Amino acid sequence: MDGQANLRGTGVDLHLGPLTGTRVRAGLENALRDAVRDGRLAAGTRLPSSRTLAADLGIARNTVADAYGQLIAEGWLTARQGSGTRVAPGRPGPPDGPRTRRSERPATVRPATQANVTTPSEQTLTRAGLMSFPQETRLPYDLRPGSPDLSSFPRSAWLAATRQALRRAPNDVFGYGDPRGRPELREEIATYLARARGVRADPELVLICSGFLQAVGLLGRALRSGGARRMAVEALGFPDTPTILRQAGLTTVEIPVDADGARIDALGSADAVLLTPSHQYPTGVPLSPERRTAVVAWARRTGGTVIEDDYDGEFRYDRQAVGALQGLDPSAVVYAGTASKSLAPGLRLGWLVLPERLLEPVTLQKRMADHLSPVIEQLALAELIASGGYDRHVRRMRQHYRRRRDRLVAALAEHAPAVRVHGIAAGLHAVIELPPGSPSVPALTARAATLGLALAGPTFYGDLPEPEADPASSGWGTRDEGAGGAGVGGGGGTVAGAVGPGEGSAGAGSAGAVVPGVGDAGVGDAGAMDAGRVLTSGAVADRRRVAGPTLVIGFGGPPEHAFSGALERLCSVLAEATAGRA
């Protein structure tokens with residue numbers, strides 16, 4: 001199993017690799033040795049107490065204590081009264097380790113020419129599928145997915161970090177700098193990702209950008225200029241992504257999603273693939289170990305590129321953390337992360353960890369896009385990470401969102417027991433499936449609006465065919481007879497909000513999609529959906545049970561004072577919609 005530990009005292013997370021070996025203790029010893037060797041645990045780093053590490057990993061305290069004792073005896077760790085257990089000095093990583101530096105000089109960026117710049121299309125972003133994030137609403141309650149709790153932004157810590165960063169900043173900080181971003185932030189991002197997400201990150205290969213959507217555009221244009229033509233995307237996901245890739249000149253090809261994540265065997269002739277391997281959106285399933293291995297093997301065999309969108313990797317609740325896919329092969333996988341879920345989307349801060357072959361073309365595209373991202377925000381985030389404030393905030397929010405998730409699941413179990421909840425072991429949203437014959441998604445969202453509650457409708461992911469009305473049904477709205485069986489689908493093969501019942505199609509041009517099919521371990525998993533019901537060529541492959549309409553509920557977004565009211569109204573809508581239905 002993978003492990004996620006808190007380095008109590010500094011308040012930071014540590015991602016440990018698989019605890020290999022025939023015994024848990026031996027696996028923990030190996031994982032700690034590996035973390036020291038590859039630089040994720042630097043000399044002098046204080047480790048958590050045996051009690052804390054045991055609680056974080058779900059193992060016995062004596063196991064941790066014995067592992068610490070063995071590593072102390074071998075010289076990997078030191079222990080001193082009052083100072084705790086620390087990584088021993090003089091334990092450098094291997095010469096080809098993840099923190100080995102390239103040249104300290106900035107990446108060479110050739111002047112832009114018509115030959116090496118792909119100009120984005122002039123097409124305006126007017127498609128309904130571009131509405132992937134919640135817009136302003138006049139309704140007082142909002143459970144649309146895509147946003148963290150903005151009222152919990154760490155204002156005091158951010159202000160202190162900004163002041164400290166400005167106090168230390170030299171004058172040249174405010175000039176035109178390296179398009180990759182400030183070295184202070186690239187250094188901190190590399191250290192944090194190596195430690196917390198298992199990313200093999202060299203600061204010289206980190207590029208700071210203005211969020212994930214800009215990252216997608218930069219990568220798309222860079223790959224296109226290098227000869228790529230076809231980009232595979234998950235058939236379920238954020239609708240803006242395929243549009244931006246097409247604007248970059250790439251043809252997007254959808255690959256189905258099932259209970260093990262994206263279907264790697266469906267990549268075909270794609271030159272690159274974009275995945276959410278740690279927590280697929282919106283189904284919530286992680287990419288299985290076999291498929292993680294398979295996609296890296298595909299990239300090595302074909303020379304293809306894998307783009308890893310780690311959009312909410314910090315927030316997991318009932319399962320061990322899933323380490324970054326990039327750690328399997330940094331030469332084949334681009335790691336993409338942002339501060340949009342961990343802090344706030346308004347900061348417009350994201351980062352790419354690039355293979356060396358893509359550093360120059362992506363840096364060129366960043367320079368041509370906006371030269372560089374705002375430096376004051378970069379310096380503030382670097383200071384927040386270095387001070388430990390970022391880790392403390394993430395851990396506080398992880399607990400905050402877990403409590404919200406538990407409240408959501410408990411409330412639904414009490415007031416709408418006929419619904420089924422999925423995808424809740426991690427992240428800030430839950431997939432809620434209503435029984436067949438329930439009102440359609442437009443009817444559900446319209447009813448919610450009368451109560452002052454905003455739920456995302458089909459326009460957030462494209463046009464979905466609605467089932468015919470059930471003449472025998474009573475009450476409000478159009479009811480789903482379950483004829484189509486598609487619980488999740490959307491135009492362009494994407495979902496970003498409420499997900500409606502389909503007619504056995506994953507949307508226009510879809511190669512196939514799969515309804516949420518995983519029961520995550522933990523609270524609220526009773527009645528998990530049958531896995532592997534694939535929608536292909538307009539037909540449900542497995543008709544053992546027919547799905548009803550499905551909603552993707554964002555429990556992370558409402559401010560604390562509004563969450564209870566939003567939850568009460570959601571339960572009222574679902575209880576009314578499912579009354580008398582099993």
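Averaging Cα coordinates gives a centre for the range 389-430 and one for the range 547-564; these two points are 10 Å apart. Computed from backbone phi with θ = phi - 60° and the Karplus coefficients 6.51, -1.76 and 1.60, the 3J(HN,Hα) list for the range 256-263 is x, 10, 9, 5, 9, x, 5, 7 Hz; x is used for glycine and proline. Ranked by the mean number of other Cβ atoms within 10 Å of their residues, highest first, the peptides 170-181, 187-198 come out as 187-198, 170-181.
Calculate, in nm to one decimal, what residue 265 and residue 246 gain on full extension: separation in residues at 0.36 nm each, minus their alpha carbon distance.
Using 0.36 nm per residue and subtracting the Cα-Cα distance, I get 4.6 nm.
With a Förster radius of 35 Å applied to the C-beta separation of residue 294 and residue 229, the computed FRET efficiency comes to 0.95. For the range 183-193, the Karplus equation 6.51 cos²θ - 1.76 cosθ + 1.60, evaluated at θ = phi - 60°, returns couplings of x, 4, 6, 4, 5, 5, 4, 4, 5, 5, 5 Hz by residue, with Gly and Pro reported as x. Can you give me the % of accessible surface on the range 264-385 that is carbon or sulfur? Probe 1.4 Å, all protein chains present, nothing else counted. Using a 1.4 Å probe with all protein chains present, the range 264-385 comes out at 54 percent carbon and sulfur. Stretching the chain fully between residue 446 and residue 301 yields a gain of 47.2 nm (0.36 nm per residue, less the alpha carbon separation).
Using the Cβ atoms and a cut-off under 11 Å, what net charge is assigned to the surroundings of residue 154, where Lys and Arg are +1 and Asp and Glu are -1? Net charge around residue 154: +3. For a modelled paramagnetic label at residue 81, 7 Å from Cα along Cα-to-Cβ, the residues of the range 50-66 in reach, with backbone nitrogen under 19 Å, are 50. The modelled label-to-label distance for the pair residue 318/residue 396, using points 7 Å beyond Cα in the direction of Cβ, is 2.8 nm. Take each peptide in 258-266, 411-419, count the other Cβ atoms within 10 Å of every residue, and average; sorted highest first, the result is 258-266, 411-419. Computed from backbone phi with θ = phi - 60° and the Karplus coefficients 6.51, -1.76 and 1.60, the 3J(HN,Hα) list for the range 171-176 is 4, 5, 4, 8, x, 6 Hz; x is used for glycine and proline.
Computed from the Cβ-Cβ distance with R0 of 45 Å, the FRET efficiency linking residue 360 to residue 26 stands at 0.55. Less than 5 angstrom separates the built amide H of residue 316 from those of 427, all sequence-distant by 5 or more or on a different chain. The H on the amide N of residue 252, modeled in the peptide plane, is under 5 Å from the matching H of 231, each at least 5 residues off or on a different chain.
If packing is taken as the average count of other Cβ atoms within 10 Å, what order do 556-568, 359-371, 150-162 fall into, highest mean first?
The most tightly packed comes first, giving 359-371, 556-568, 150-162.
At full extension, residue 73 and residue 173 could sit 31.4 nm farther apart than now, given 0.36 nm per residue minus the alpha carbon distance. Around the amide H of residue 211, modelled in the peptide plane, lie the amide H atoms of 349, 350, all under 5 Å away and 5 or more residues distant in sequence or on another chain.
The values are calculated or read from the model by the stated rules, or taken from the named source; none is laboratory data. All figures in this text were calculated on a predicted structure; none of them were measured in a lab. Reconstructed Cβ throughout: ideal geometry from the backbone, glycine too, with neighbour counts over all protein chains shown. With ligands, DNA and RNA removed, areas are computed over all heavy atoms of the protein, side chains included. Shrake-Rupley method; radii C 1.70, N 1.55, O 1.52, S 1.80 Å.
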